[in-house]
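The values are calculated or read from the model by the stated rules, or taken from the named source; none is laboratory data. Treat the numbers as computed from the prediction; the structure is a model and nothing was measured. All Cβ positions, glycine included, derive from the backbone under ideal geometry; neighbour counts span all protein chains shown. We work out accessible area using only protein heavy atoms, side chains counted, and drop any ligands, DNA or RNA first. Shrake-Rupley method; radii C 1.70, N 1.55, O 1.52, S 1.80 Å.
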Amino acid sequence: MDIHREITPLNQQDCFLVFERSKNSFDFPIHFHPEYEINFIYNAKGVKRTVGDHVDEIGTYELVMVGPNLYHGWEDYKKDLNEITHEITIQFPENLFDTLLLNKNILEPIKRMFEASERGILFSTETTIKLESKLSSLNGTNPFENFLNFQSLLYEMAISKNQQLLASNSFKEHSDSFKSVKIEKIFNHIKSNYSDVIRLEEAAEMVNMTVVSFSRLIKQQTGKTFVEFVNELRLGVATRKLIETNESVYEICFDCGFNNISNFNRIFKKSKNCTPTEFRNKFVGSKKIF
């Protein structure tokens, strides 16, 4: 299975992002990212859900939460491609609620839900229908009210009945063994310096490794070469700019450290299955970062 590390548009100052859109196909590859994700889907019966080592067809209503770095994805399988699907995706950083806050008694249900989401949680149809309007309300015009509604949503999800864990516990233990402090150090360095020239030799020196050993580690941990790894992080910044700003594709290309527009378009299309312009245009509906 080809696993794709997604670089989300979130940065350290953001609380959460929400995408709400209509679509008729699911073609984004199985992926993972360090952020939590909540995914609501309506009217996509027959789509195949993958979460860790769990695979199943979804029903008419779908509400799933996945924890940081857990493989997940929804793919066309038996869905009628003529049917229009309503999708709401929410992503938020792992450290949005610090440990001291989560240890307060009132947040105990949310803390337990976060822990359970490391295996992925499927919420009941009843809960999904009940929370549909609250999910849609997160696109309001008042950012602080949206954040309050977001916290309320998390609590209602946390105390809901008939939750189902998806990935096996053995899969979680296996995936945890692949975490690397060295890779995270390089990841954070690239995210802070994405517009600069970033050389393999300098990255290897940062973690006290030879170029050969470091290249092997990157490939083992991410499935990508160092150049592919750097480009993927740059693409994460580019997607945010395409969503949030009116900057031209040309400006975004050079702002994000790509020194050639043709190369940028080629790399973007290979990763996202569309050009930067098509990516910007296909987000019909609302997309907001708070």
Taking the range 233-290 and keeping only residues that are closer than 23 Å to N188 by Cβ, open to solvent by 70 Å² or more (accessible area, probe 1.4 Å) and at pLDDT below 80, one is left with E244
Among the residues of the range 52-61, are any within 29 Å of E184 (Cβ to Cβ), crowded, with 20+ Cβ neighbours inside 10 Å and not hydroxyl-bearing (S, T, Y)?
yes
Looking at this structure, is K219 more than 30 Å from V181 (Cα to Cα), open to solvent by 70 Å² or more (accessible area, probe 1.4 Å), in a helix (DSSP H, G or I) and not small (G, A, S)?
no
Which number in (1) at negative phi; (2) open to solvent by 40 Å² or more (accessible area, probe 1.4 Å) marks the one condition that I38 misses?
(2)
Given the conditions (1) open to solvent by 20 Å² or more (accessible area, probe 1.4 Å); (2) out of contact with any helix residue (DSSP H, G or I) (no Cβ under 9 Å at 6 or more places or on another chain); (3) of a type in the set (V, I, T), report the number of the one that V47 does not fulfil.
(1)
F268 fails exactly one of the following numbered conditions: (1) out of contact with any Ser or Thr (no Cβ under 8 Å at 6 or more places or on another chain); (2) without any contact (Cβ under 8 Å) to a residue 60 or more places away in the chain; (3) assigned to a helix (DSSP H, G or I). What is the number of that condition?
(1)
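Can you tell which of K78, K45 is touching a strand residue (DSSP E or B) at 6+ places or on another chain (Cβ under 7 Å) and charged (D, E, K, R)?
Exactly one residue qualifies, and that residue is K78.
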Need a quick list: helices (runs of 4 or more DSSP H) entirely within the range 69-140 having at least 1 residues that are under 28 Å from P29 (Cβ atoms), open to solvent by less than 20 Å² (accessible area, probe 1.4 Å) and of a type in the set (A, V, I, L, M).
108-116, 125-136
Among the residues of the range 222-232, count how many are open to solvent by less than 50 Å² (accessible area, probe 1.4 Å) and assigned to a helix (DSSP H, G or I).
6
Filter result for E20 (assigned to a strand (DSSP E or B) and either touching an Asp or Glu at 6+ places or on another chain (Cβ under 7 Å) or open to solvent by less than 10 Å² (accessible area, probe 1.4 Å) (or both))
no
Out of (1) over 21 Å from R266 (Cβ atoms); (2) in a helix (DSSP H, G or I), the odd one out for K161 is which?
(2)
Can you say whether F214 is in a helix (DSSP H, G or I), modelled with pLDDT under 90 and touching a Leu at 6+ places or on another chain (Cβ under 9 Å), as far as the supplied structure shows?
no
Could you list, in sequence order, all residues of the range 146-164 that are open to solvent by 50 Å² or more (accessible area, probe 1.4 Å) and either modelled with pLDDT under 95 or of a type in the set (S, T, Y) (or both)?
Y155
